[in-house]
Amino acid sequence: MGQLVAIVGRPNVGKSTLFNRLTQTRTAITDPTAGTTRDRQYGKVDWNGREFSIVDTGGWVVNSEDVFEAEINKQVELAIEQADVILFVVDAMNGVTDLDDHVAAILRRSRKPVILVANKVDSNEWIYNVPEFYSLGLGDPYPVSAVNGYGTGDLLDEVVKDLPEKDDEEDALEDIPRFAIVGRPNAGKSSLINAFIGEERHIVTDIAGTTRDSIYTRYSKFGFDFYLVDTAGIRKKNKVNEDIEYYSVIRSIRAIEASDVCILMIDATRGIEAQDVNIFSLIQRNKKGLVVVVNKWDLVDDKSNAAIKHYEAAIRERFAPFTDFPIIFTSALTKQRIFKVLETAVEVYGNRKRTVPTSQLNNVMQEDIAAYPPPSNKGKFIKIKYITMLKGAQVPTFIFFCNLPQWVKEPYRRYLENKIREHWQFTGTPVNVFMREK
């Protein structure tokens, strides 16, 4: 990824707040708790006609009690390695610390353009602390306040000046499919994305709730081109105790809202739980495409066809009445059938975009309607005269024009939907059926 700027520094110096300020979003979670950010979080900045990518990283720590220390530091090193320009954020209120010296030494060895950012200059009194940071040997420190925006314009001017010239290659976000990986905590979502991209971009541990931000990854291999979105695990409300985790869940929900297809991961060792059904309901309410992935299949003792059919039947029974979706049994650890997940998600996305010609729709569906017409109501008969498919809808939407639309009940609408699915391939995507007066 060209034109990339990385934000690095020790914990709690305001990196995520600066990220949100520069991207003019609230994408990165901010909290006074040190170590809130764990994965690399990407965003876009547009300054005076120059657009570039920016990445927020976890705070660099050494010899701490944080079980994620080694993984966070690995993520920071990867970000530094990928970046064209590095923003080294320090805290003007606290001055130079041993960790600042440690990070500065790493950055000097990187031989990358480094801009020293003295953050938390929230009032004039703190600006007198800024000269202290010359001791880090990284040039002039730029005083800024990520909270109120002071100094960020001058900082962006310097960033743009240090960026290499843009290639002919377009780096801007394109209108390509977005596949959100969702599920309960510790279902293997990050492991699956790491297996897809062949890189340990997302921190993976056995601790539920490791991922806190929703992370976008561009996937353009083997003829595919789409975004994968790794999300925080969605817990039950009464189990969300930390403010940080609450915001993580909100971002996961927003990731579902912004996606085209949701890959719902279920832990094969735990089976279908109530929270899986809740997440499915959330996907359904947002009218998103669905691929169900039963992960950790390598840990199940009985892998027979009978066991697979029993598992599939249990899933469809819990998710009824919507049962027309693919189910794939995988192992992110052994990479069993993971490519099938991508192929299926692309197929479901194609089903969402499928259109049926009006003439074909009327010819086929009128036969089914004649074979099983809508039930009469109070001696009056419902006559469906014309059918069309709405163009440009978010999901496949069919309009049935009839004389008494208000008397067509839900069971008959479901019959029409099932017949549509029987004749045309709409597996994995919701289908809207509306009755309108002719």
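Using θ = phi - 60° in the Karplus curve 6.51 cos²θ - 1.76 cosθ + 1.60, the 3J(HN,Hα) couplings for segment 115-130 round to 10, 7, 10, 8, 8, 6, 7, 7, 8, 4, 5, 7, 5, 6, 7, 5 Hz; x is entered for Gly and Pro. Once label points are set 7 Å from the Cα along Cα→Cβ at both Val300 and Thr269, what is their separation, rounded to one decimal in nm? Label at Val300, label at Thr269, 1.4 nm between them. Remark on Leu87: its backbone amide H falls under 5 Å from those of Ala6, Ile7, Val8, Ile115, a criterion applied only to residues 5 or more positions apart or on other chains, H modelled at 1.01 Å from N.
In this structure Thr334 has an accessible area near 80 Å², from a 1.4 Å probe over the protein heavy atoms.
Between Gln394 and Arg318, the modelled labels are 2.6 nm apart [label points 7 Å from Cα along Cα→Cβ]. Averaged over its residues, segment 249-385 has an accessible area of 49 Å² per residue, based on protein heavy atoms and a 1.4 Å probe. Gap in Å between the Cα centre of segment 369-396 and the Cα centre of segment 92-107? Rounded to whole Å, the Cα centres lie 69 Å apart. Between Thr334 and Phe434, what is the FRET efficiency for a Förster distance of 45 Å, r being their Cβ-Cβ separation, to the nearest 0.05? Efficiency for this residue pair is about 0.50. Rg and Dmax of segment 388-429, both derived from C-alpha coordinates alone, stand at 11.3, 32 Å. The simple Förster model, with R0 at 30 Å and r as the Cβ-Cβ distance, assigns Glu77 and Arg50 a FRET efficiency of 0.65. Shown for segment 374-419: the carbon plus sulfur share of the solvent-accessible area, taken with all protein chains present and a 1.4 angstrom probe, equals 54%.
The values are calculated or read from the model by the stated rules, or taken from the named source; none is laboratory data. Here the structure is a predicted model, which means the values were calculated and not measured. Backbone-built Cβ (ideal geometry, glycine too); neighbour counts: all protein chains shown. When the accessible area is computed, the model is the full protein with side chains, heavy atoms only, and any ligands, DNA or RNA have been set aside. Shrake-Rupley method; radii C 1.70, N 1.55, O 1.52, S 1.80 Å.
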